[in-house]
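One structure below.
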(Lines give C-alpha, C1' and ligand atoms only; values in the text may rest on other atoms or scores of the structure.)
Protein backbone atom coordinates (compact mmCIF):
# COMPACT_ATOMS: atom_id res chain seq x y z
CA UNK A 1 0.00 0.00 0.00
CA UNK A 2 1.27 3.47 -0.91
CA UNK A 3 0.50 6.33 1.45
CA UNK A 4 0.17 9.79 -0.06
CA UNK A 5 1.12 12.98 1.69
CA UNK A 6 -1.68 15.47 2.47
CA UNK A 7 -0.31 17.80 -0.25
CA UNK A 8 -0.57 15.09 -2.90
CA UNK A 9 -4.07 14.11 -1.74
CA UNK A 10 -5.17 17.74 -1.86
CA UNK A 11 -3.87 18.11 -5.42
CA UNK A 12 -5.68 14.95 -6.55
CA UNK A 13 -8.95 16.06 -4.93
CA UNK A 14 -8.87 19.46 -6.62
CA UNK A 15 -8.00 17.97 -10.02
CA UNK A 16 -11.15 15.84 -9.73
CA UNK A 17 -13.19 18.86 -8.56
CA UNK A 18 -13.94 17.06 -5.32
CA UNK A 19 -14.82 19.71 -2.79
CA UNK A 20 -15.89 19.13 0.80
CA UNK A 21 -19.42 19.82 1.98
CA UNK A 22 -20.19 22.32 4.75
CA UNK A 23 -23.00 20.81 6.83
CA UNK A 24 -24.84 22.65 9.56
CA UNK A 25 -28.14 20.80 10.13
CA UNK A 26 -29.58 17.32 9.68
CA UNK A 27 -26.53 16.00 7.80
CA UNK A 28 -24.38 16.45 10.95
CA UNK A 29 -23.58 13.45 13.18
CA UNK A 30 -26.45 12.68 15.54
CA UNK A 31 -29.17 13.90 13.17
CA UNK A 32 -31.53 11.85 11.01
CA UNK A 33 -29.90 12.46 7.61
CA UNK A 34 -26.28 11.82 8.65
CA UNK A 35 -26.68 8.09 7.94
CA UNK A 36 -27.07 8.98 4.28
CA UNK A 37 -23.47 10.22 4.01
CA UNK A 38 -21.59 8.63 6.93
CA UNK A 39 -20.06 5.83 4.83
CA UNK A 40 -18.62 8.37 2.38
CA UNK A 41 -17.07 10.74 4.94
CA UNK A 42 -13.29 10.35 5.03
CA UNK A 43 -12.49 13.49 7.01
CA UNK A 44 -14.42 16.09 8.98
CA UNK A 45 -13.53 19.16 10.99
CA UNK A 46 -15.34 22.07 12.65
CA UNK A 47 -15.92 25.05 10.37
CA UNK A 48 -17.58 28.46 10.43
CA UNK A 49 -19.35 30.29 7.62
CA UNK A 50 -19.20 34.03 8.25
CA UNK A 51 -21.89 36.53 7.20
CA UNK A 52 -24.51 33.77 7.24
CA UNK A 53 -27.54 33.01 9.40
CA UNK A 54 -29.86 30.10 10.12
CA UNK A 55 -33.64 30.26 9.98
CA UNK A 56 -36.14 27.53 10.85
CA UNK A 57 -39.80 26.65 10.94
CA UNK A 58 -38.99 24.03 13.58
CA UNK A 59 -38.09 20.81 11.78
CA UNK A 60 -34.79 21.76 10.13
CA UNK A 61 -32.62 24.80 9.44
CA UNK A 62 -32.11 26.92 6.34
CA UNK A 63 -28.86 28.82 5.83
CA UNK A 64 -29.02 32.28 4.25
CA UNK A 65 -26.29 34.61 3.05
CA UNK A 66 -28.28 37.61 1.88
CA UNK A 67 -27.74 41.09 3.29
CA UNK A 68 -31.34 41.81 4.29
CA UNK A 69 -31.55 38.61 6.38
CA UNK A 70 -28.05 38.52 7.93
CA UNK A 71 -26.16 40.86 10.19
CA UNK A 72 -22.47 41.50 9.49
CA UNK A 73 -21.44 39.57 12.62
CA UNK A 74 -23.73 36.56 12.00
CA UNK A 75 -22.07 33.20 11.45
CA UNK A 76 -23.10 29.57 11.15
CA UNK A 77 -21.10 26.86 12.88
CA UNK A 78 -21.00 23.39 11.36
CA UNK A 79 -18.70 20.72 10.00
CA UNK A 80 -16.62 20.55 6.85
CA UNK A 81 -16.86 17.00 5.49
CA UNK A 82 -14.68 15.54 2.78
CA UNK A 83 -16.39 12.68 0.94
CA UNK A 84 -14.75 9.71 -0.74
CA UNK A 85 -14.10 10.18 -4.45
CA UNK A 86 -15.49 6.71 -5.23
CA UNK A 87 -19.14 7.73 -5.17
CA UNK A 88 -18.78 11.51 -5.00
CA UNK A 89 -21.07 12.43 -7.92
CA UNK A 90 -23.69 9.92 -6.78
CA UNK A 91 -23.51 11.22 -3.21
CA UNK A 92 -23.98 14.83 -4.37
CA UNK A 93 -26.98 13.79 -6.48
CA UNK A 94 -28.54 12.03 -3.46
CA UNK A 95 -27.99 15.09 -1.28
CA UNK A 96 -29.43 17.37 -3.98
CA UNK A 97 -32.54 15.17 -4.02
CA UNK A 98 -32.78 15.13 -0.22
CA UNK A 99 -32.43 18.91 -0.05
CA UNK A 100 -35.08 19.49 -2.72
CA UNK A 101 -32.86 21.52 -5.03
CA UNK A 102 -35.12 20.79 -8.01
CA UNK A 103 -38.09 22.29 -6.11
CA UNK A 104 -36.30 25.42 -4.92
CA UNK A 105 -36.22 24.35 -1.27
CA UNK A 106 -32.42 24.55 -1.11
CA UNK A 107 -29.66 25.49 -3.55
CA UNK A 108 -26.17 23.97 -3.55
CA UNK A 109 -23.62 26.77 -3.87
CA UNK A 110 -19.89 27.31 -3.38
CA UNK A 111 -18.93 29.07 -0.15
CA UNK A 112 -15.71 29.76 1.71
CA UNK A 113 -15.63 28.52 5.29
CA UNK A 114 -13.04 29.02 8.01
CA UNK A 115 -11.40 26.05 9.73
CA UNK A 116 -8.54 25.81 12.22
CA UNK A 117 -6.14 25.53 9.27
CA UNK A 118 -7.50 28.43 7.23
CA UNK A 119 -10.08 29.18 4.57
CA UNK A 120 -11.55 26.37 2.48
CA UNK A 121 -13.92 26.42 -0.48
CA UNK A 122 -16.81 23.97 -0.15
CA UNK A 123 -20.32 23.13 -1.23
CA UNK A 124 -23.17 24.27 1.00
CA UNK A 125 -26.94 23.98 0.83
CA UNK A 126 -28.59 27.37 1.27
CA UNK A 127 -32.21 28.46 1.36
CA UNK A 128 -33.81 28.46 -2.07
CA UNK A 129 -36.08 31.21 -3.49
CA UNK A 130 -39.31 29.84 -1.98
CA UNK A 131 -37.78 29.65 1.48
CA UNK A 132 -36.27 33.14 1.22
CA UNK A 133 -39.75 34.46 0.46
CA UNK A 134 -41.16 32.62 3.50
CA UNK A 135 -38.43 34.10 5.70
CA UNK A 136 -39.14 37.61 4.43
CA UNK A 137 -42.85 37.21 5.20
CA UNK A 138 -42.09 36.14 8.78
CA UNK A 139 -42.97 32.45 8.50
CA UNK A 140 -39.54 31.30 9.75
CA UNK A 141 -37.57 32.49 12.75
CA UNK A 142 -33.87 33.20 13.06
CA UNK A 143 -31.63 30.83 15.05
CA UNK A 144 -29.58 33.51 16.79
CA UNK A 145 -26.84 31.14 18.00
CA UNK A 146 -25.90 30.05 14.46
CA UNK A 147 -25.81 26.45 15.73
CA UNK A 148 -28.38 23.77 14.95
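Laid out as a table, the results:
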{"item": "Qualifying residue in the stretch 48-67 (condition: crowded, with 19+ Cβ neighbours inside 10 Å, in contact with a strand residue (DSSP E or B) (Cβ under 7 Å, 6 or more places away or on another chain), closer than 11 Å to residue 21 by Cα and touching a residue at least 24 places away in the same chain (Cβ under 8 Å))", "result": "no"}
{"item": "Some residue of the stretch 27-41 being within 21 Å of residue 142 (Cα to Cα) and surrounded by fewer than 20 Cβ atoms within 10 Å (Cβ to Cβ)", "result": "yes"}
{"item": "Single residue of 85, 40 found to be farther than 20 Å from residue 148 by Cβ, in contact (Cβ under 8 Å) with a residue 24 or more places away in the chain and touching a strand residue (DSSP E or B) at 6+ places or on another chain (Cβ under 7 Å)", "result": "40"}
{"item": "Residue that is nearest to residue 113 (Cα to Cα) [pool: residues in the stretch 6-23 that are outside any strand (DSSP E or B) and modelled with pLDDT of 90 or more]", "result": "20"}
{"item": "Leading residue by the ranking (modelled with the lowest pLDDT) among those in the stretch 69-85 that are more than 21 Å from residue 46 (Cβ to Cβ) and surrounded by 13 or more Cβ atoms within 10 Å (Cβ to Cβ)", "result": "85"}
{"item": "Qualifying positions in the stretch 27-42 - closer than 16 Å to residue 93 by Cα and modelled with pLDDT of 85 or more", "result": "40, 41"}
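The values are calculated or read from the model by the stated rules, or taken from the named source; none is laboratory data. Predicted model, so just to flag it, every value in this text is computed and none were measured. Positions of Cβ are backbone-derived with ideal geometry, glycine not excepted, and every protein chain shown enters the neighbour counts.
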